[in-house]
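Structure first, commentary second.
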Amino acid sequence: MRKESNNQMESSEISAIKRGLSWVELKESLKKEGCPICMIMLNSLEKYFEFLLYEYVLDAAVHKKMLASFGMCNTHTYMLKETEVKIKSDGLNISVLYETLLQKELKLLSRILEPQRKYNKRTFNYYRKEILQKLAANGECPACENQKHSESFYTHEIIRLYKDEEFQKLYENNNVLLCRRHFLYLLNEAPNEEVITYFVNVQKIKLNKLFNNLTNFIQKHDYQSKIEITEDEKKSWQQLLEYSASKKNVNKNGYNEILT
């Protein structure tokens, strides 16, 4: 009776998820090649940057976060720049967004140059530390925060959907392969052994196929080989790179923590 009740709850939860926008996004990502979590994170970041530049460059809360982190991390700074170009702006949005950062920097530098007492070798170290503490960023890149939220939310959606037949059919397709980082994070968030067993089995099957394609790709480069290299074998080395490092522009600072 208890098992039947649990099954009903799971079925109800899956139905609720599949009525929402998150399922539409997840379903679309599962139809593309590579890691679906990476894909969703990048799509989410793209939307975030567009909203930021269109609607929030004057928002006080946004400026407060940007001041704390002194802008965005390297990866997301240049993604933001690409979005500014994409929306055909001449740079005004980013200029307004970053102007206050430069103002803060100039104020801090002016304070540092205010008349100071003379320091000896020992007290100078404290003085230098104080300067660096004032100048150092004390907040997280806002885009990295967005990336973490997407990673967590959609990883848990995948876990909740893993028994659904439609999801399994999409997820088990050969084109879909969770990158190593998101595979580990999924295992980190798994609520029970059954979830781990399912995803490890699927991952092992996919990696075996990737390994075979990679091995064949290498072997067929032998001058004695007369066998044509297949399309899957040709792209195996690129798939392996993506598996090991995630998709391009998925920043490592935007990952959630994994227990070790």
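The values are calculated or read from the model by the stated rules, or taken from the named source; none is laboratory data. Quantities reported herein were computed from a predicted structural model and do not represent experimental measurements. A quick note on method: Cβ atoms are made from the backbone with ideal geometry, for glycine too, and the neighbour counts reach across all protein chains shown.
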Of residues in the range 49-74 being over 22 Å from Leu135 (Cβ atoms) and touching a residue at least 40 places away in the same chain (Cβ under 8 Å), the one nearest to the chain's Cα centre (by Cα): Phe49
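Could you please let me know if Met66 is over 22 Å from Glu172 (Cα atoms), of a type in the set (A, V, I, L, M) and in a helix (DSSP H, G or I)?
Values: over 22 Å from Glu172 (Cα atoms): yes; of a type in the set (A, V, I, L, M): yes; in a helix (DSSP H, G or I): yes.
When the stated conditions are applied, Met66 passes them.
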Give the residue, chosen from Lys226, Lys163, that is surrounded by 14 or more Cβ atoms within 10 Å (Cβ to Cβ), on the phi < 0 side of the Ramachandran plot and not in a helix (DSSP H, G or I). Lys163
Which numbered condition Asn7 misses (of (1) modelled with pLDDT of 95 or more; (2) part of a helix (DSSP H, G or I); (3) farther than 30 Å from Gln133 by Cβ): (1)
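For residues that are touching a Pro at 6+ places or on another chain (Cβ under 9 Å) and part of a helix (DSSP H, G or I), scanning just the range 29-58, find the one that is farthest from Tyr185 (Cα to Cα). Spell out the reasoning first.
Residues of the range 29-58 touching a Pro at 6+ places or on another chain (Cβ under 9 Å): 29-30, 48, 52.
Filter once more, so that each one left must be part of a helix (DSSP H, G or I): 29, 48, 52.
Working: Ser29: 18, Tyr48: 23, Leu52: 28 Å.
That would be Leu52.
Which residue is surrounded by the most Cβ atoms within 10 Å (Cβ to Cβ), if the candidates are limited to the range 175-187 and must be of a type outside the set (A, V, I, L, M) and in contact (Cβ under 8 Å) with a residue 40 or more places away in the chain? Give the derivation first.
Here is the first cut: in the range 175-187, the ones of a type outside the set (A, V, I, L, M) are 175, 179-183, 185.
With in contact (Cβ under 8 Å) with a residue 40 or more places away in the chain added as a condition, the list becomes 175, 179-182, 185.
Details: Asn175: 12, Cys179: 22, Arg180: 16, Arg181: 20, His182: 24, Tyr185: 20.
Among those that are of a type outside the set (A, V, I, L, M) and in contact (Cβ under 8 Å) with a residue 40 or more places away in the chain, it is His182.
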Residues of the range 96-148 being basic (Lys, Arg) and either in a helix (DSSP H, G or I) or touching a helix residue (DSSP H, G or I) at 6+ places or on another chain (Cβ under 6 Å) (or both), which ones? Lys104, Lys107, Arg111, Lys121, Arg122, Arg128, Lys129, Lys134, Lys148
Do any residues in the range 228-239 that are closer than 11 Å to Lys209 by Cα have Cβ atoms under 6 Å from those of residues that are of a type outside the set (A, V, I, L, M), where the two are at least six apart or on different chains, and which pairs are they? Asp232/Asn213; Glu233/Asn213; Glu233/Asn216; Glu233/Phe217; Ser236/Asn213; Ser236/Phe217
Of those in the range 198-217 that are more than 15 Å from Tyr171 (Cα to Cα) and either in contact with an Asp or Glu (Cβ under 7 Å, 6 or more places away or on another chain) or free of Cβ contacts under 8 Å to residues at least 12 places away in the same chain (or both), the residue surrounded by the fewest Cβ atoms within 10 Å (Cβ to Cβ) is Asn208
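Okay, residues lined up against (1) modelled with pLDDT under 95; (2) surrounded by fewer than 17 Cβ atoms within 10 Å (Cβ to Cβ); (3) not hydroxyl-bearing (Ser, Thr, Tyr):
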site	(1), (2), (3)
Glu82	no, yes, yes
Leu109	yes, yes, yes
Tyr126	yes, yes, no
Ile131	yes, yes, yes
Ala136	yes, yes, yes
Considering only the range 171-179, I want to know if a residue exists there that is closer than 16 Å to Cys38 by Cβ, assigned to a helix (DSSP H, G or I) and out of contact with any helix residue (DSSP H, G or I) (no Cβ under 6 Å at 6 or more places or on another chain). yes
